[in-house]
Amino acid sequence: MTDAAVPLAVAPAARRRPASRGRVRWTNRALSAALFVGVIGAWEALVRLFDVSPLMFAAPSAVLEAFMRGVSRGLYWEHLGVTVFEVVAGFSIGASLGFLLAVAVSEFERAGRLLFPYLVAIQSLPKVAVAPFVILWLGFGVESKVLLVALITFFPVLINAMSGLAIQDPQRMDLMRVFRATRWQTFRYVRLPSAAPAIFAGLNVAAVLALTGAIVAEFVGAQRGLGVLLLQAQTNLDTAGMLVILVMLAAIGLTINVTVRAVERKVTYWVARRGDAP
Amino acid sequence: MSAAAALADVHAARPDGARPILRFERVGHVFGTESCPLRALDCVDLDVAPGEFVAIVGASGCGKSTLLRIAAGLISPREGAASFDGAPIVEPRGEIGVVFQDAVMLPWFNVIDNVTLPARLAGRDMSAARAEAERLLENVGLTGFSQSWPSSLSGGMRQRAAIVRALMTKPRVLLMDEPFGALDALTRERMNLELARIAEQSRVAVLLITHSIAEAAFLADRVVVMTPRPGRIAEEIPVPIPRPRTPKTLSSPDFAAVCERARAHFLEDGGSE
Ligand SMILES: Nc1ncnc2c1ncn2[C@@H]1O[C@H](COP(=O)(O)OP(=O)(O)O)[C@@H](O)[C@H]1O
Ligand SMILES: [Mg+2]
């Protein structure tokens, strides 16, 4: 016990083996590349084997061919740009407003209690169903699509941010009171970071819905956008062309998803995630 | 430290005229509703002198935390009053530091940012605060950990950081609510020695709540025994053991006598601890 006042010895950091971790990562990458090639190959083989009508479905080779043809005609970029703009603008507006309203509601508790049942009711209404109204009000241009995307992204962010901000760790609150933190400081240093994981859960849901909203709004009535292109290809019985658009939509969706998750990792850096180093 | 020993004797004698730094006067508190009241505290009178170390022991639910939260200014008592240096405590104040059972480190801040949080919140000079924090961290054996994340520290290290954070406001009273309750027995003994040293060095008055009679007797100048339903002070036991307290303290007859006297309350109570 005589050594009790001596500082605790520092536990040596758990030794990692970078070589083996690296090898695991490369093995995983090789496996997913092989899986990708396998899926594409199987798709091609099945279409050829069963001699599927090109009116019903197209092989990857035909899709690629259609894509190259479209690219050479300069068909995609404008529509792609329009859809991406609708998604990004609508998402930014909807998510920001959802977050801000959640903050306002959590700061004024009574307002929150009064509003909550309505918000939940609206939340369970499929927002794409109001697309016809939005088109009716704002016309066939980009504005109506941005509004619908904003509407769709608003609610998941609002609801998740509200529930995140509603959870107040009493110990952290006591700590902030003991240090006589202002309301703003308590929000900035405790409540907002505590709610960040929930807010990002909302953003992840909203990101997926944003693209859906843009495409549905384009289906209902638009002049430009990938949704328009998809309908045109369908009218022309151009199945391969339709599949090109689907692949592009999948790529956009994936990019949005990966981006939001990357931002989440950066912002909520303290949250331990599955697969992280211990 | 003969001065501290003398101090302990003085407090044991409790002469009138020494102005307490912390005082509870007939403090009572009731939780719950009008129809279903729950009395947590009943008529608690307690003084803590400047630099004195007072430990409160008592079974769970006897109102210890409530008493401490009243002293911290986190709740105001239904009856009676708590005062700091003669002024009523109506809200938390910088001269009263608090250490909770869990270290309550904010996971998005590293150790130094957690520890300097009080300075940041008070808008004080951060570089001076960092230098001060580094010095205090060094003093509790956390040298080199200022950039670590709280999650990478052991429970004992986190609690040391929490103590440093509480000391950052230069409190004259330190309130500690079962600060080592979540630690293993060996770490706990080590933390007790550390806390004894910190208290002796900084001359801060400490009000410590604990479940451990041995911990109370080892650290305190006075052990206050509380009994439940309603929370009352059953006895105040002076601890006539000189400072600095060392591992040898544990084998002194005075230590054993204090422990035994405190333990008697819990045995006659049907062993409710
Ligand atoms: N916020 C509260 N609301 C209602 N009852 C409470 C509250 N805090 C404490 N109590 C009750 O008051 C009594 C004393 O609690 P506490 O001061 O936490 O005791 P201790 O810290 O000694 O275990 C307990 O019976 C507890 O259930
Ligand atoms: Mg308690």
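Annotations for the structure displayed:
- A simple rule links phi to the HN-Hα coupling: the Karplus curve 6.51 cos²θ - 1.76 cosθ + 1.60 with θ = phi - 60°, which for region B:223-238 gives 9, 9, 9, 10, 10, x, 6, x, x, 9, 8, 8, 7, 10, 10, x Hz, with x for Gly and Pro.
- Given +1 at the Cβ of Lys and Arg, -1 at the Cβ of Asp and Glu and no other charges, the dipole of chain A around its Cα centre is 1160 debye to the nearest 20.
- Length-normalised contact order of chain B in % [C-alpha pairs under 8 Å, at least 6 apart]: 27 percent
- Counting only Cβ charges, +1 for Lys and Arg and -1 for Asp and Glu, the dipole size of the protein assembly as shown around its Cα centre is about 1280 debye.
- Exposure rank, largest accessible area first [B:Leu136, B:Leu22; 1.4 Å]: B:Leu136, B:Leu22
- Estimated [θ] at 222 nm from DSSP helical runs (n ≥ 4, -39500 (n - 2.57)) normalised by residues in chain A, nearest 500: -25000 deg cm²/dmol
- The residue among B:Thr169, B:Leu267, B:Leu193 whose Cα reaches farthest toward the positive pole of the charge dipole of region B:158-273, with charges on the beta-carbon of Lys, Arg, Asp and Glu, is B:Thr169.
- Nearest-10 value in Å² for the accessible area of A:Ile122, using the 1.4 Å probe: 70 Å²
- Near B:Leu74, once Lys and Arg are set to +1 and Asp and Glu to -1 for all other residues with Cβ below 9 Å from its Cβ, the sum equals 0.
- Those residues of region B:35-51 whose amide nitrogen sits under 11 Å from the label point placed on B:Glu79, 7 Å along Cα→Cβ: B:39-44
- Residue mean of other protein chain beta carbons inside 10 Å, A:180-192: 3
- Cα centroid separation - region B:192-247 against region B:93-145, whole Å: 24 Å
- If you plug the beta carbon distance of B:Leu267 and B:Ser151 into 1/(1 + (r/R0)^6) with R0 = 35 Å, you get a FRET efficiency near 0.30.
- Taking the Cα centre of region B:72-199 as reference, the dipole from Cβ charges on Lys and Arg (+1) and Asp and Glu (-1) amounts to some 200 debye.
- Calculated FRET value between A:Arg188 and B:Arg203, using beta carbons and R₀ = 51 Å, to 0.05: 0.90
- One decimal place: the segment A:Ser96-A:Leu35 gains 18.1 nm when fully extended, by the rule 0.36 nm per residue minus the C-alpha distance.
- Accessible area, probe 1.4 Å, largest first, for residues B:Thr116, A:Thr186: A:Thr186, B:Thr116
- Estimated FRET transfer efficiency when R0 is 22 angstrom, pair B:Glu236-A:Arg177 (beta carbons, to 0.05): 0.15
- Counting only heavy atoms of the protein chains and using a 1.4 Å probe, B:Asp254 has close to 70 Å² of accessible surface.
- The modelled label-to-label distance between A:Arg113 and B:Ala182, using points 7 Å beyond Cα along the C-beta direction, is 3.1 nm.
- Percent breakdown of C-alpha pair distances by 20 Å bin, ordered from the shortest bin, for the protein assembly as shown: 17, 37, 25, 16, 5, 0
- For chain A, the longest site-free run once trypsin sites (Lys or Arg not before Pro) in DSSP loop states with at most 14 other Cβ atoms within 10 Å are removed: A:74-272
- With a 10 Å cut-off around each Cβ of A:166-178, the average count of Cβ atoms from other chains is 5.
- Remark: relative contact order (chain A) = 24 percent; criterion is Cα-Cα distance under 8 angstrom and separation of 6 or more residues.
- Within region A:14-105, chymotrypsin sites (Phe, Trp or Tyr not before Pro) in DSSP loop having at most 12 other beta-carbon neighbours inside 10 Å: A:Phe50
- Accessible surface for B:Ser35 stands near 110 Å², nearest 10, in the context of the full protein assembly shown (1.4 Å probe).
- Summed residue charge, Cβ within 13 Å of A:Phe140's Cβ, Lys/Arg positive, Asp/Glu negative: -1
- Taking B:Cys43, B:Cys62 and ordering them by how much accessible surface each has at a 1.4 Å probe, largest first, produces B:Cys43, B:Cys62.
- Working note: Karplus 6.51/-1.76/1.60 with θ = phi - 60° gives region B:248-261 the couplings 5, 3, 5, 9, 7, x, 4, 4, 4, 5, 4, 4, 5, 5 Hz, where Gly and Pro are set to x.
The values are calculated or read from the model by the stated rules, or taken from the named source; none is laboratory data. Because the structure is predicted, anything quoted here is derived from the model rather than measured. Note that each Cβ is placed from the backbone with ideal geometry, even for glycine, and that neighbours are counted across all protein chains shown. Heads up: the accessible areas ignore ligands, DNA and RNA and are worked out on the full protein's heavy atoms, side chains in. Shrake-Rupley method; radii C 1.70, N 1.55, O 1.52, S 1.80 Å.
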